[in-house]
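Peer 1: Dropping a structure here in C-alpha cells format, bear with me for questions.
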Amino acid sequence: MIYGYHLMLCLFLIIFQTTLLVGGGTVHLYDLLAPFVVYLGVYHLPRRAIPVLVLGGLAMDGISGGVFGVHLTAYLWMYVGVRWAIQFLQAGNVILLPLMVTAGIVFESLVVAFSAVVLASAPWPVESMFPVVSAQVLWGAVTGPFLMLFFIRGQKVVDRASKSFYAEKGHLRKP
C-alpha cells in the first residue's frame, strides 16, 4: 500500500508540475520532486524508496524534454546524500528538514542547469543561470517545508488506513 501511495504522489507531482505550473512568465519554479526525494531519504529505507525514485526519475526525464537521465541521476544522488547526512544529523528536527530540502533543491537545480550549459549548442554564459537557480532555491525554501509536512501527514493517513484494513481482514480470518 505504501508503494501505491508513493507512486501516486510521485505521478501527481509530475503531472501538476508539467501541466499546471508551466507558464510563460518570469517565475522559475523548482522541481517538485526534490522535496519528495528528501522525504524518501529521511523517512524510508532504500528498498522502499529506490523503485519509486527510479520510476519517478524516468518519468520526469521522459516528460521534461531535457537530457535523458539527468533527473534520475540527480534524484539518486540526492537520495544517497540525504541518507548519508541523516547518519550525522537528527532527521526529524524542525530546523534541519527545511535546510535539507533547500540543499536538495540547490543540488538538483545546479545539476539540471549545468547539464543544460554543457550540452547547449550555442555558448551560454554560466552567470545567466544564477537568477534562475536563486529563484528556484527561494521558492523551494518557502514552499518545500510545507510539501514535506504534506508528505508526512499523508504517510500517517496511509499507515492508519493500512493498519485498519489489515486489522479488519485479520478479524475475518478467525473462526
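The values are calculated or read from the model by the stated rules, or taken from the named source; none is laboratory data. Source: prediction; values computed, not measured. Here Cβ is always computed from backbone atoms with ideal geometry, including for glycine, and neighbour counts include all displayed protein chains.
Peer 1: Got a sec? Which of Arg160, Arg173 is out of contact with any Phe, Trp or Tyr (no Cβ under 6 Å at 6 or more places or on another chain) and either modelled with pLDDT of 75 or more or under 23 Å from Met60 (Cα atoms) (or both)? If you could, list the steps in order and put the result at the bottom.
Peer 2: Numbers: Arg173 fails: either modelled with pLDDT of 75 or more or under 23 Å from Met60 (Cα atoms) (or both).
None of the others qualify; the one that does is Arg160.
Peer 1: Let me ask another. Does any residue of segment 129-136 turn out to be part of a helix (DSSP H, G or I), surrounded by fewer than 13 Cβ atoms within 10 Å (Cβ to Cβ) and more than 21 Å from the chain's Cα centre (by Cα)? Steps first, answer last, please.
Peer 2: Just the residues of segment 129-136 that are part of a helix (DSSP H, G or I), to begin with: 129-136.
Then keep just the ones that are surrounded by fewer than 13 Cβ atoms within 10 Å (Cβ to Cβ); that gives 130-131.
If we keep only those that are more than 21 Å from the chain's Cα centre (by Cα) as well, we get 130-131.
Yes, segment 129-136 contains at least one residue that is part of a helix (DSSP H, G or I), surrounded by fewer than 13 Cβ atoms within 10 Å (Cβ to Cβ) and more than 21 Å from the chain's Cα centre (by Cα).
Peer 1: Touching a Phe, Trp or Tyr at 6+ places or on another chain (Cβ under 6 Å), within 17 Å of Phe151 (Cβ to Cβ) and at pLDDT 90 or above: is that true of Leu53 in this structure? Break it down into steps so the answer makes sense when it comes.
Peer 2: Details: touching a Phe, Trp or Tyr at 6+ places or on another chain (Cβ under 6 Å): yes; within 17 Å of Phe151 (Cβ to Cβ): yes; at pLDDT 90 or above: yes.
Answer is yes for this residue.
Peer 1: Does any residue of segment 58-77 turn out to be surrounded by 15 or more Cβ atoms within 10 Å (Cβ to Cβ) and in contact (Cβ under 8 Å) with a residue 60 or more places away in the chain?
Peer 2: no
Peer 1: Looking only at segment 66-77, decide whether some residue is β-branched (Val, Ile, Thr), at pLDDT 90 or above, part of a helix (DSSP H, G or I) and under 23 Å from Ile2 (Cβ atoms).
Peer 2: no
Peer 1: Let me ask something else. Read through the list (1) among the aliphatic types (A, V, I, L, M); (2) touching a His at 6+ places or on another chain (Cβ under 9 Å); (3) surrounded by fewer than 19 Cβ atoms within 10 Å (Cβ to Cβ), then give the number of the only condition that Leu33 fails.
Peer 2: Of everything listed in (1) among the aliphatic types (A, V, I, L, M); (2) touching a His at 6+ places or on another chain (Cβ under 9 Å); (3) surrounded by fewer than 19 Cβ atoms within 10 Å (Cβ to Cβ), Leu33 misses just condition (3).
Peer 1: When you scan segment 79-109, how many residues do you find that are within 21 Å of Ile2 (Cα to Cα) and assigned to a helix (DSSP H, G or I)? Spell out how you get there, then give the answer.
Peer 2: We begin by selecting, within segment 79-109, every residue within 21 Å of Ile2 (Cα to Cα); these are 79-80, 82-83, 91-92.
Within this subset, residues satisfying the condition of being assigned to a helix (DSSP H, G or I) are 79-80, 82-83.
Result for segment 79-109: 4.
Peer 1: Here's a follow-up. Looking at segment 119-132, is at least one residue within 18 Å of Ala34 (Cα to Cα) and either touching a residue at least 60 places away in the same chain (Cβ under 8 Å) or of a type outside the set (A, V, I, L, M) (or both)?
Peer 2: Here is the first cut: in segment 119-132, the ones within 18 Å of Ala34 (Cα to Cα) are 132.
With the extra rule that they be either touching a residue at least 60 places away in the same chain (Cβ under 8 Å) or of a type outside the set (A, V, I, L, M) (or both), the set shrinks to 132.
Looking through segment 119-132, at least one residue is within 18 Å of Ala34 (Cα to Cα) and either touching a residue at least 60 places away in the same chain (Cβ under 8 Å) or of a type outside the set (A, V, I, L, M) (or both).
Peer 1: Then there is this: Please work out if Val142 is touching a helix residue (DSSP H, G or I) at 6+ places or on another chain (Cβ under 9 Å) and either among the charged types (D, E, K, R) or part of a helix (DSSP H, G or I) (or both).
Peer 2: Values: touching a helix residue (DSSP H, G or I) at 6+ places or on another chain (Cβ under 9 Å): no; either among the charged types (D, E, K, R) or part of a helix (DSSP H, G or I) (or both): yes.
Here the answer is no, as Val142 does not meet what is asked.
Peer 1: Read through the list (1) at pLDDT 90 or above; (2) aliphatic (A, V, I, L, M); (3) under 14 Å from the mean Cα position of the chain (by Cα), then give the number of the only condition that Leu29 fails.
Peer 2: (1)
Peer 1: Test Gly41 against the criterion of being surrounded by fewer than 17 Cβ atoms within 10 Å (Cβ to Cβ), out of contact with any Pro (no Cβ under 8 Å at 6 or more places or on another chain) and not hydroxyl-bearing (Ser, Thr, Tyr), and give yes or no.
Peer 2: Judged against the criteria, Gly41 is not a match.
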